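Engineer: Shown below is the structure under consideration.
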Amino acid sequence: MDAAHGGSTDFGHHHSLESERMTPDPRQHSPSAERNRVPILAQLQRVLPPTGIALEIASGTGQHAAHFAAGLPGWLWQPTDAEPLALASIDAWCDGLANVLPAVHLDVLAAPSVSLPAPVDAVFCANMLHIAPWSTCLALMQLAAHGLSPEGRLVLYGPYLEEEVPTAPGNLAFDADLRERNPAWGLRRRADVLAQAHAVGLRLRERVAMPANNLLLVLERTVPSSDA
C-alpha cells in the first residue's frame with residue numbers, strides 16, 4: 001500500500017523494524033526452573049544413556065527443555081504442556097535447538113490430540129504432581145508404562161513427603177499454601193506415588209536428594225520374575 005501511494009521503501013523498512021521491536025517476547029520465565037535446571041541436568045546426564053528419545057510432561061516455560069536438550073545432544077526432546085499458552089514459550093526457549101521437536105498440547109487426563117514419539121527412552125516430569133489433582137499421578141504412570149521402551153526411565157522431580165524423613169519447614173509451608181489455593185493440590189507422599197507406579201508395572205530405581213528439599217525419583221519397569 002505504501003508503494004501504491006508513493007511511500008518510500010525506507011519508511012516501510014523502518015516501520016517493520018519498529019514492529020519487530022514491539023513484538024513481545026513469548027518466553028515465560030520461572031526463577032525456580034532457572035535455579036534447578038543445572039542440578040537436574042547433572043543427574044540426567046548420569047542416569048540416562050548417551051542417546052535416546054525423551055518425552056517431557058508439563059514442560060511449563062520451556063527453560064528445562066532448552067537446557068536439557070542442549071546438555072544432552074544425543075537425545076531428541078519432545079516437550080508438552082496442558083496449557084496451550086505455554087507452547088509458544090517452550091518453542092521460543094528452544095528455538096535453534098535441532099534436537100527439540102515443536103511443543104505439543106498434552107493433558108495426561110485426556111487422550112492425546114496429536115501423535116507422540118513412541119516408544120520413548122525417558123519420560124521426564126518436574127513439579128506437576130503437587131499442582132494438579134491426584135488423578136494425574138496414575139494417569140502419568142499409565143502414560144509412562146505404555147510409552148516407555150523396555151529399558152526406559154521415568155524421571156520425576158519435585159518436593160515429596162516422606163515418612164522416614166522429617167519434612168522441611170519450607171515444604172510444610174508450601175504444602176499449606178497449595179492446599180489453601182486449591183484443596184486438590186498439595187505435596188504428595190512418596191509412598192503413594194510409588195504405589196501408583198507399582199500398580200502399572202513401574203518401580204523405584206533410585207532416589208536422589210536434590211537442592212532446596214526436592215527429590216529426583218528414577219523409575220524403571222518392574223522386571224518379571226523368571227517363573228512368571
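The values are calculated or read from the model by the stated rules, or taken from the named source; none is laboratory data. All of these numbers come straight from a predicted model, not from anything done at the bench. Cβ: placed from backbone, ideal geometry, glycine included. Neighbour counts: every protein chain shown. Areas reflect the complete protein model, heavy atoms only, side chains present, ligands, DNA and RNA absent. Shrake-Rupley method; radii C 1.70, N 1.55, O 1.52, S 1.80 Å.
Engineer: Summing +1 for each Lys or Arg and -1 for each Asp or Glu, what net charge is found among the other residues whose Cβ lies under 11 Å from the Cβ of Leu106?
Structural biologist: My count for the surroundings of Leu106 gives -4.
Engineer: How much of the DSSP beta bridge set in the chain is antiparallel, as a percent to the nearest 5? Before the final figure, lay out the partial values.
Structural biologist: Working: 15 of 35 bridges.
Of the beta bridges lying entirely in the chain, close to 45 percent run antiparallel.
Engineer: Next up: If I fit a long axis through the Cα atoms of helix 84-93 and take the longest principal axis of the Cα atoms of the chain, what angle between them do I get, 0 to 90°, rounded to 10?
Structural biologist: Tilt relative to the chain: about 80 degrees.
Engineer: Sticking with this one: Could you calculate the FRET efficiency of Asp177 with Arg35 from 1/(1 + (r/R0)^6), where r is the beta carbon distance between them and R0 is 25 Å, rounded to 0.05?
Structural biologist: Values: r = 19 Å, r/R0 = 0.75.
E(calc), rounded to 0.05, equals 0.85.
Engineer: Taking the full set of protein chains and a 1.4 angstrom probe, give the accessible area of Leu116 in square angstrom, rounded to the nearest 10.
Structural biologist: 40 Å²
Engineer: Then there is this: For helix 169-181, what angle does its Cα long axis make with the longest principal axis of the chain, in degrees from 0 to 90 and rounded to 10?
Structural biologist: 70 degrees
Engineer: Probe 1.4 Å, all protein chains in place: accessible area of Arg190 in Å², nearest 10?
Structural biologist: 40 Å²
Engineer: Restricting attention to segment 164-228, which GluC sites (Glu not before Pro) occupy a DSSP loop and are surrounded by at most 15 other Cβ atoms within 10 Å? Please report the intermediate quantities before stating the final value.
Structural biologist: On the way: sites: Glu164, Glu180, Glu206, Glu220; in loops: Glu164.
For GluC sites (Glu not before Pro) across segment 164-228 that sit outside H, G, I, E and B with at most 15 neighbouring Cβ atoms in 10 Å, the list reads Glu164.
Engineer: Further question: Accessible area, 1.4 Å probe, largest first: how do Ile131, Ile40 sort?
Structural biologist: Final ranking, largest accessible area leading: Ile131, Ile40.
Engineer: May I ask you to give the percent of accessible area on the chain that is carbon plus sulfur, with a probe radius of 1.4 Å?
Structural biologist: 58 percent
Engineer: Tell me which label goes with the value of mean projected area of the Cα convex hull in nm² computed from the coordinates here: (i) 16.7; (ii) 14.0; (iii) 12.2.
Structural biologist: (i)
Engineer: Which sequence of His146, His105, His130, His29 reflects their accessible areas, 1.4 Å probe, from the largest down?
Structural biologist: The most accessible residue leads, giving His146, His29, His105, His130.
Engineer: Excluding ligands and nucleic acids, what accessible area in Å² is computed for Trp134 using a 1.4 Å probe, to the nearest 10?
Structural biologist: 90 Å²
Engineer: Using the heavy atoms of the protein chains alone and a 1.4 angstrom probe, what is the accessible area of the chain per residue in square angstrom?
Structural biologist: Heavy-atom accessible area per residue stands at 53 Å².
Engineer: Can you tell me the 0 to 90 degree angle between the C-alpha axis of helix 31-47 and the longest principal axis of the chain, rounded to 10?
Structural biologist: 60 degrees
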